[in-house]
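A.B. asks: Have a look at this one.
The values are calculated or read from the model by the stated rules, or taken from the named source; none is laboratory data. Bear in mind that the values here come from a model prediction, so they are computed numbers and not experimental data. All accessible areas refer to the heavy atoms of the entire protein, side chains included, with ligands and DNA or RNA removed. Shrake-Rupley method; radii C 1.70, N 1.55, O 1.52, S 1.80 Å.
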Amino acid sequence: MNRLTMPLRDQRRPWLLVLVGLAMVFAGTSIAVAQEALLMPGKSELYQRVLTRPGAVLRDAPAEASASGDALPPLSLFYVYQRRRGDTGDWLQLGAGPEDDVAGWLPAGQAIDWSQTLTVAFRRNANRSPALFFRDRTSLEQVLQSELPAREVERLRKSIDSGQISDGFPVIAEEPDTYVDPNREFYLLPILDHDQVYLESGLRTTVLNVAAVTLQAGEQDLLRSAEQDRDSQERDSKPAEQPERDYQVGIVFVIDSTTSMGPYIDRTRSAINRLYDRLKDSAMGDALSFGLVAFRDNTETTPDLDYVSRVAATLDDGRDRSSFFAKVNRVEPATVSSRGFKEDAFAGVYDAIEQIDWRGYDGRFVVLITDAGARDATDPLSRTGFGPERLRLLAQEKDQAAGGGKIAIAALHLLTPDGAHDHQQAAAQYRELTRWGQAGDLYFPVQGGSVDQFGEQVDTLADALLAQIEGVRSGRAIEIPANEDASEVERKTALVGRAMQLAYLGRETGSRAPRLIDAWVSDRDIADPTTKSLEVRVLITKNQISNLQETLQAIFEAGEQTTMSAKDFFAQLRGAAAALARDPDKVSTTQVRRLADVGLVGEWLDDLPYTSQVMNLTESRWLSRSYAQQQEVLDVIEEKILLYRRIHDDTDRWIDLSGRATKGEAVTTMPLDALP
């Protein structure tokens, strides 16, 4: 009897499955070269690319006897220069770059065509069941469109857990119980095919045909023999593998220290002091550390504010109670008022992310405390020029390449009567800043700005985090409160905490992925289709992000030059598009019907399952917008330019997937919502 090779519920060996999907490629220059990779059918700028299968070896010529060198790492990324049919089958001539960079020949069967470069990764599975991988599309759709999909999934899981898996069983693998960080255990999830399926609930899901390949060697085959079954049962009888080190949590408070904030600063210190009392002499004394960042506002307009943002205490300071309070007791409210009601809260959040050393902390929380809205990206008094979305992305990408975890941002917004005119806009900013997966947002308003209610929320948050640490260190999964009495703070903090716990277990127990599978999976939890199982990330080369930044810069400059004459905007864009055209023969025929027609963005976006509200703007839609709405579009574009510049300049995050690529062909991933 054929059965699943991977121990589906075995947390000691949590195997990750790797899907793939969708690739975009914009690269190249206008310099004439001797050889150029093949373009994708119907495209004028996008090249054909492939990923290598395990064991692939390049040849000097399209013949089996001409192998040269060692086997390539699985997932090596190459451009296709030629496709040739030979006596022994189809062959591909490959290169590490798109122009004049031929590396050798490979049998077509040892490569996977990659028509787009969206990658799919598992969402941190804090409040959903592990995804199931089906043998074929029909089996998956039968479950999705059944009268009670949740019951069908339960039936399949019972069979898997009991080992009662017959020949032709529809499920061939399951997502691991622990999270595998794609930035640490690098993997891609290439999608070979996809389609939309409408459910009885009225929702729709995307079904994906995926090939799973990783850089780490795993099982060669998903079907195991009876002998392997017995070996697995013997392994299952042994104690579960324990993480190599204990779970650590860091909390950095980012507190408004302007004139009105004295009572809240004191109450925050009191809450931290209470936690130190609870940790004193306990086995968890080293489990939790605190930091504190104080912020005010622009000091050029109001010099007596003394600082915009200041790190009062680091997480290292927070490991010692006396050291911590010796520093944070110096934080006092300002003696002068800032200009206007808004403060530069985003400067404080930025410093908490970038100026604090988060290494060694598995649970990472920034807690913003303020009674005012933040100076946004377009505010000339903003120190960072960052908006809430960009800061959130920065926090969630923090230390990813180095194996670190995401930082969750929570906001305690004091709704004081003096700030009534600012509450709505500030709430929108902080909801965007604090978005986190299944938790939604970690925005917690304090009605009336009550110091007592604020204190209760701070205490609840701190107690919830301490309870999570106790659970994790005792070997228990963080529980999501189901009782009606549980507060939003408790429930949402638990959702984030469980996601961080699973990521920690995945890192510490060494989750790995199988070498290669071909399966079908839903992008939503079958039992609860309101929940996403997969997140889409963009695999992008350094050349591509440079081209993307260049294109957006041209659009932004055209918008800036025509702010007083909106009807001239698209005329300016036509000039920009001609200047960016790769093919000199097309300069005179360049047409710009929408923003995406400038540069290389359009061909890329057209084939992605992604709709850009900005890049799809036509001339008529642009002219129908008010001046303020047009400026909003340009503000979004400017934020993306700054984000891409930061990603481009972050040398630690770029990876060479071919083993021989130029610096410009190194790749990284970024969230889909970071696209323009």
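A.B. asks: Between ASP277 and THR299, what is 0.36 nm times their sequence separation minus the Cα-Cα distance? Round to one decimal in nm.
C.D. replies: 4.2 nm
A.B. asks: Of the cross-linked pairs LYS280/LYS327; LYS406/LYS640; LYS406/LYS492; LYS327/LYS398; LYS327/LYS492; LYS43/LYS542, which ones have a Cα-Cα span greater than 23 Å in the structure shown?
C.D. replies: LYS327/LYS398; LYS327/LYS492
A.B. asks: Any idea how far the Cα center of segment 124-166 sits from the one of segment 458-481, in Å?
C.D. replies: Cα centroid to Cα centroid, the span is 30 Å.
A.B. asks: While we're looking at this one, here's another question. With every protein chain left in place, what is the accessible area per residue of segment 253-331 in square angstrom, probe 1.4 Å?
C.D. replies: For segment 253-331, the solvent-accessible area averages 42 Å² per residue.
A.B. asks: What is segment 311-469 by shape, rounded, prolate or oblate, if you read a ≥ b ≥ c off the alpha carbon gyration tensor as root eigenvalues and call it rounded for a/c under 1.5, prolate for a/b larger than b/c, and oblate otherwise?
C.D. replies: rounded
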